[in-house]
Amino acid sequence: MKEKKLYDIVEEVYKNCKAQEHLKDQQITNSVTAIYKPFKPQEISDKIAEMLSSAEINAEVKIIFQSIENLHAACPKNLGDWYFTGDYPTAGGNRVVNKAFMNFYEGKDARAY
């Protein structure tokens, strides 16, 4: 199967978020994680480093994150990794992440909650 282009994925995520906008919290799924699925964690880190670099920085910039698996091993009783994975543990969190993405996509400077 041919991989989708990122633009197509973003469009699909937006449509999925909009389709869930008026559902109850318990019915909402996190649509935004689909944007990250085509990328390896290192690719995401490299892109962040690229975005934070500029011609004025006279050094190599690298972004280093602990793997999610190692984060879980280090904190076995607290698996709240949503800041890093986007996998929110609550239905309300799914609503917020979808709304935040819709605000971004629509160019709105508004809170998602």
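Any read-out appearing in this document is the output of simple, stated calculations on the displayed coordinates, not a laboratory observation. All of these numbers come straight from a predicted model, not from anything done at the bench. Quick reminder, even Gly has a Cβ in these numbers, built from the backbone with ideal geometry, and neighbours come from all protein chains shown.
Binning every alpha carbon pair distance of the chain at 5 Å from zero, what are the percents per bin?
So the P(r) values, bin by bin, are 2, 10, 16, 18, 18, 17, 12, 5, 1, 1, 0.
What pairs in Lys18/Lys77; Lys5/Lys99; Lys37/Lys108; Lys18/Lys40; Lys37/Lys77; Lys18/Lys62 have C-alpha atoms more than 29 Å from each other? Please list the in-between numbers first.
Details: Lys18/Lys77 34 Å; Lys5/Lys99 23 Å; Lys37/Lys108 25 Å; Lys18/Lys40 27 Å; Lys37/Lys77 26 Å; Lys18/Lys62 35 Å.
Those over the limit are Lys18/Lys77; Lys18/Lys62.
What list do you get for Glu12, Glu50 if you sort them by fewest beta carbons within 10 Å? Display every interim value, and only then the final one.
Numbers: Glu12 14, Glu50 10.
Exposure proxy ranking, most exposed first: Glu50, Glu12.
Give me the number: length gained by fully extending Ala91 to Met51, i.e. 0.36 nm times residue separation minus the C-alpha to C-alpha distance, one decimal in nm. Don't skip to the end; give the middle numbers.
Values: separation 40, 0.36 × 40 = 14.40 nm, distance 3.13 nm.
Gain on stretching Ala91 to Met51: 11.3 nm.
What is the list of residues in the stretch 32-48 whose amide nitrogen lies under 18 Å from a point 7 angstrom out from the Cα of Lys62, following Cα to Cβ?
Only 40-48 pass the distance filter.
Tell me which of Ile63, Val96, Ala49 sits at the most positive position along the dipole axis of the chain, charges placed on C-beta atoms (Lys, Arg +1; Asp, Glu -1).
Farthest towards the positive end: Val96.
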